[in-house]
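The values are calculated or read from the model by the stated rules, or taken from the named source; none is laboratory data. All of these numbers come straight from a predicted model, not from anything done at the bench. Using ideal geometry, Cβ is built from the backbone for each residue, glycine included, and neighbour counts are taken over all protein chains shown. Each accessible area value is taken on the protein alone, full model and side chains, heavy atoms only, with ligands, DNA and RNA left out. Shrake-Rupley method; radii C 1.70, N 1.55, O 1.52, S 1.80 Å.
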Amino acid sequence: KTGIEVLASRALRTPKLLYAGRLPEHRAYVLMTEALHGALTLAQVWARTPSIDQKLALLRQAATAVAEQHQAAVLQNDLHADNLVIAEDGHIYSIDASTVRAQRAPIARGRSLASLGLLLAQVEPCFDAHAATVLAAYASARNWQAHASDLQLLCAHIDRAREQRKKQFMKKIFR
């Protein structure tokens, strides 16, 4: 199954898959989905959003979308703001689902927080001070009670993911 098929089979928001297969006489594998007219990536909306309060609302909305995936036993291993789009209806849809993997049970707490940390590591560090607010939105969507230890673990995952991104960036620029 393609990642989009996995998302759709779990009733998660993703564009409708219209075609998946190899092009005749080509080696390229193609996925064609319905267009989400007027949709912008989370990164694009983030860049256009001036206020901290509005950006926090975006983070809470993204955290809720990720929580819905985790609760449905779906893990997106390459989670970033260009793989989430906000459609005209205001909902977040997952795109570029090539790293989406179906699991047998909802994603465990530790792995969930690592995934959320990966997403949060991609925003400005000044938003780290609001990690508890984002965690609360995530936990609510998962029907969890968030604990201080969850926040500590999330912050550690944010730091670790940010450090990993920095190392990857340094490798790229010094090739």
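If you check residue 154 against the conditions, is it touching a Phe, Trp or Tyr at 6+ places or on another chain (Cβ under 8 Å) and either open to solvent by less than 10 Å² (accessible area, probe 1.4 Å) or β-branched (Val, Ile, Thr) (or both)? Spell out the reasoning first.
Values: touching a Phe, Trp or Tyr at 6+ places or on another chain (Cβ under 8 Å): no; either open to solvent by less than 10 Å² (accessible area, probe 1.4 Å) or β-branched (Val, Ile, Thr) (or both): yes.
The answer is no for residue 154.
With the requirement that a residue be of a type in the set (A, V, I, L, M) and outside any helix (DSSP H, G or I), what does region 117-133 give you?
Filtering region 117-133 for residues of a type in the set (A, V, I, L, M) gives 118-121, 123, 129, 131-132.
Within region 117-133, 121, 123 qualify.
With respect to the numbered conditions (1) in contact with a strand residue (DSSP E or B) (Cβ under 7 Å, 6 or more places away or on another chain); (2) more than 17 Å from residue 14 (Cβ to Cβ); (3) at pLDDT below 95, which one is the sole condition not fulfilled by residue 102?
The single condition residue 102 does not satisfy is (2).
Among the numbered conditions (1) open to solvent by 50 Å² or more (accessible area, probe 1.4 Å); (2) assigned to a strand (DSSP E or B), tell me where residue 30 comes up short.
(1) is the only condition that residue 30 fails.
Just give me the residues in region 33-66 being open to solvent by 40 Å² or more (accessible area, probe 1.4 Å), touching a strand residue (DSSP E or B) at 6+ places or on another chain (Cβ under 7 Å) and in a loop (DSSP other than H, G, I, E, B), in sequence order.
Within region 33-66, 34, 36 meet the criteria.
Exactly one of (1) open to solvent by less than 40 Å² (accessible area, probe 1.4 Å); (2) modelled with pLDDT under 95 is unmet by residue 69. Its number?
Status for residue 69: all satisfied but (2).
Looking at residue 21, is it free of Cβ contacts under 8 Å to residues at least 12 places away in the same chain, open to solvent by less than 30 Å² (accessible area, probe 1.4 Å) and more than 13 Å from the chain's Cα centre (by Cα)?
On the way: free of Cβ contacts under 8 Å to residues at least 12 places away in the same chain: yes; open to solvent by less than 30 Å² (accessible area, probe 1.4 Å): yes; more than 13 Å from the chain's Cα centre (by Cα): yes.
Taking the combined requirement at face value, the residue satisfies it.
Which residue, of 15, 24, is modelled with pLDDT of 90 or more and outside any helix (DSSP H, G or I)? Step through it out loud before you land on a result.
Details: 24 fails: modelled with pLDDT of 90 or more.
15 is the lone residue from the list that is modelled with pLDDT of 90 or more and outside any helix (DSSP H, G or I).
Can you tell me which of (1) open to solvent by less than 80 Å² (accessible area, probe 1.4 Å); (2) closer than 19 Å to residue 127 by Cβ; (3) of a type in the set (A, V, I, L, M, F, W, C) is the one residue 87 doesn't meet?
It is condition (2) that residue 87 fails.
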